[in-house]
1. Run the quick spin-label model on ALA87 and ASN3: label points 7 Å from Cα toward the beta carbon, then report their separation in nm to one decimal.
2. Suppose only helical runs count, i.e. DSSP H with n ≥ 4. What mean residue ellipticity at 222 nm does that imply for the chain under -39500 (n - 2.57) per run, divided by all residues and rounded to the nearest 500 deg cm²/dmol?
3. Applying the Karplus parametrisation 6.51 cos²θ - 1.76 cosθ + 1.60 with θ = phi - 60° to the phi angles of the stretch 17-31, what ³J(HN,Hα) value in whole Hz is obtained for each residue in order, glycine and proline being reported as x?
4. Within the stretch 26-77, which chymotrypsin sites (Phe, Trp or Tyr not before Pro) sit in a loop by DSSP and count at most 15 neighbouring Cβ atoms inside 10 Å?
5. Using log10 I(q)/I(0) by the Debye sum over Cα atoms at q = 0.19, 0.20, 0.26 Å⁻¹ as the read-out, say which of (1) -1.05, -1.11, -1.19; (2) -0.85, -0.90, -1.19; (3) -0.87, -0.95, -1.46 was calculated from these coordinates.
6. When only DSSP loop residues count, what trypsin sites (Lys or Arg not before Pro) in the stretch 52-89 have their Cβ near at most 11 other Cβ atoms within 10 Å?
7. Applying the Karplus parametrisation 6.51 cos²θ - 1.76 cosθ + 1.60 with θ = phi - 60° to the phi angles of the stretch 4-10, what ³J(HN,Hα) value in whole Hz is obtained for each residue in order, glycine and proline being reported as x?
8. If you look for lysine pairs in the chain that are eight or more places apart or on different chains, how many of them have Cα atoms under 26 Å apart?
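Derivation of every value follows stated rules applied to the coordinates shown; laboratory data play no part. In this text, all values refer to a predicted model and were calculated from it rather than measured experimentally. Glycine gets a Cβ as well: all are built from the backbone with ideal geometry, and neighbour counts include every protein chain shown.
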Amino acid sequence: MANVVKLSVTLTDEMAAMIGAAVNSGEYASTSEVIGEAHREWKLRRSLVEQEREHIHKLWDEGVASGSGQFKDIEAIKSEARRRLKAKHP
């Protein structure tokens, strides 16, 4: 096993019961295994969130670089959306 650090965490009764039930059912060998999987899932989710954030920033930058839009305000956007909807469904 790699270097390990022992941490103390505080869980609600419900969280502790869920972890205990997962171990008692044989789904996991230990509470450490449950926490290890939770950590892997957390890292994956953080990575996906960061990728999404980078993608949104890229889209934002592309939008800004494309120049000003054709609509002057939100009301003009709504008006155009209504016009398109009406044209699609007369």
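1. Computed distance between label sites ALA87 and ASN3 equals 6.5 nm.
2. -24000 deg cm²/dmol
3. 5, 5, 5, x, 5, 5, 6, 5, 6, x, 5, 10, 7, 7, 5
4. Of the chymotrypsin sites (Phe, Trp or Tyr not before Pro), the ones in loops of the stretch 26-77 whose Cβ has at most 15 other Cβ atoms within 10 Å are PHE71.
5. Derived directly from the coordinates: (1).
6. LYS72
7. For the stretch 4-10, the Karplus curve yields 10, 10, 8, 10, 10, 10, 10 Hz.
8. 8
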